[in-house]
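Structure, as structure tokens:
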Amino acid sequence: MKIPKSVYRKRVEKVQELMEKEGIDAFLVLSLENYRYFTGDVRKQPRMIIPANDEPFLIVFDSEKEEAEGKTGFEAKTYRSLPDMMKHIVAFMNSLGENPTIAVEMEFSTPAFLLERFRIMNPHVEVVDAKQIVAPLRKYKDEYELELMRKAGKLADIAMEKVLDVLKPGVSEREVANEVEYYIRKKGAERIAFPMFVNSGERSLWLHGLATDKKIEEGDLVLIDIGPVYEGYCADIARTFVVGKATEEQKRAHSAYVELQEKVVEMIEEEKNEISILEIERRNEEFMKVKGFGDFYVKGFLHGIGLNFEETPFPTIFPEDLREVVEERMTLSVGHSVLSIRGVGGFRVEDTIYVGEKVEFLTTFTKELLEV
């Protein structure tokens, strides 16, 4: 999908408005996700500076200048070595005068050593977290972003259909993951957002997951979680399978999880723009107690999703995000936490939704506890 350059220009203008409001002199963009959000371009080592009151510019390898400027419409300063790159950054920081305030991404995308080197080279600069100026923009999706996420959601559904083809006794978790990832890449996925979960048997109880060389056995409960990426945008889907026949206890736990997800979606639909994530979690705990699974409920049932597979609201990492109200134009992953019951198994049914006038499911694969 071709997004007009004017859309990216408008995003830059909005972040500059927030920077002025927060007293931030410039925003140093280091992550691919934010670089893509503000430019529409893709670089291996993205570098962009957005001043609060001046024209943004890119910092790119010399031979990439014409291409980068043509794709983004922004001026690019060039380098042929790391010292060259740093000269541009330091010179700009010095041009801001005494004690400027610079916003830098402080989530997963910025290594601590890089942030520390920046501080060493710019000792007069006050560094603040860019979340305060980026999250208020990125947590709401425009029509272009929503369409890309719909396509990512379709790829997530296709991935689960492929799981049905390859999941069987005797194959390894890693074989399942490799087959599914290869298949959805052929179908148009740019990549997957995180290593695919294929958690079988006792490993279905895990809080997080991955795929190992463990062989899947008859009777295993298998929790699958995958996040296809389409043109930068993620979808997230998780489903629970049984290799063989499910027990009555497994059916009861899985049914409770599906009903919980349905209740959360109802809350969002009926109380959007009013209900906080904290209130949703409180009601979730009450519901699972009634169902007999109160001791097994894990907080963190929903989070934001977009260019990152987990983004604002992101309460599993940033507790303050529990105060976030679920609002229209948000895209959320609903069903993030595992219902982990020793002796029974681990259960998850996770979908990507868009909060519009009605809730739209971007992932639609069946929620049944499938026996394969």
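Give me the residue from the range 185-202 that is outside any strand (DSSP E or B) and in contact (Cβ under 8 Å) with a residue 40 or more places away in the chain and, out of that set, surrounded by the fewest Cβ atoms within 10 Å (Cβ to Cβ).
188
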Some residue of the range 22-35 being charged (D, E, K, R) and within 24 Å of residue 99 (Cβ to Cβ):
yes
Restricting attention to the range 337-358, the residues that are under 19 Å from the mean Cα position of the chain (by Cα) and not in a loop (DSSP other than H, G, I, E, B) number exactly 6
Meets criteria (within 30 Å of residue 215 (Cβ to Cβ) and in a helix (DSSP H, G or I)) for residue 182:
yes
Filter result for the condition that a residue is open to solvent by 30 Å² or more (accessible area, probe 1.4 Å), farther than 23 Å from residue 66 by Cα and touching a residue at least 12 places away in the same chain (Cβ under 8 Å), over 22, 13
22
How about the range 57-86: which of its residues are surrounded by fewer than 18 Cβ atoms within 10 Å (Cβ to Cβ) and assigned to a loop (DSSP other than H, G, I, E, B)?
73, 80, 81
Considering each residue of the range 1-56, count those that are over 20 Å from the mean Cα position of the chain (by Cα) and assigned to a strand (DSSP E or B), and give that number.
7
Given (1) open to solvent by 50 Å² or more (accessible area, probe 1.4 Å); (2) touching a Lys or Arg at 6+ places or on another chain (Cβ under 9 Å); (3) part of a helix (DSSP H, G or I), index of the condition residue 158 fails
(1)
Have a look at 327, 274, 249 and point out the one that is in a helix (DSSP H, G or I) and either free of Cβ contacts under 8 Å to residues at least 24 places away in the same chain or among the acidic types (Asp, Glu) (or both).
249
Are any residues in the range 359-372 assigned to a loop (DSSP other than H, G, I, E, B) and either open to solvent by 40 Å² or more (accessible area, probe 1.4 Å) or under 15 Å from residue 272 (Cα atoms) (or both), and if so, which ones?
364, 366, 367, 368, 372
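Is at least one residue of the range 87-97 on the phi > 0 side of the Ramachandran plot, at pLDDT 90 or above, in a loop (DSSP other than H, G, I, E, B) and open to solvent by 40 Å² or more (accessible area, probe 1.4 Å)? Quick ask: steps written out before the conclusion?
Here is the first cut: in the range 87-97, the residues on the phi > 0 side of the Ramachandran plot are 97.
Now drop any that are not at pLDDT 90 or above, which leaves 97.
The next check asks that each one be in a loop (DSSP other than H, G, I, E, B); those that pass are 97.
Restricting the remaining residues to those that are open to solvent by 40 Å² or more (accessible area, probe 1.4 Å) gives none.
No, that holds for no residue.
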Out of all the residues in the range 110-125, is one or more closer than 30 Å to residue 366 by Cα and in contact (Cβ under 8 Å) with a residue 24 or more places away in the chain?
no
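The values are calculated or read from the model by the stated rules, or taken from the named source; none is laboratory data. The structure displayed is predicted, hence computed values, not measured ones. Neighbour counts are summed over all protein chains in view; Cβ atoms, including those assigned to glycine, are modelled from backbone coordinates with ideal geometry. To get the accessible areas, we keep the full protein, side chains included, count just its heavy atoms, and leave off ligands, DNA and RNA. Shrake-Rupley method; radii C 1.70, N 1.55, O 1.52, S 1.80 Å.
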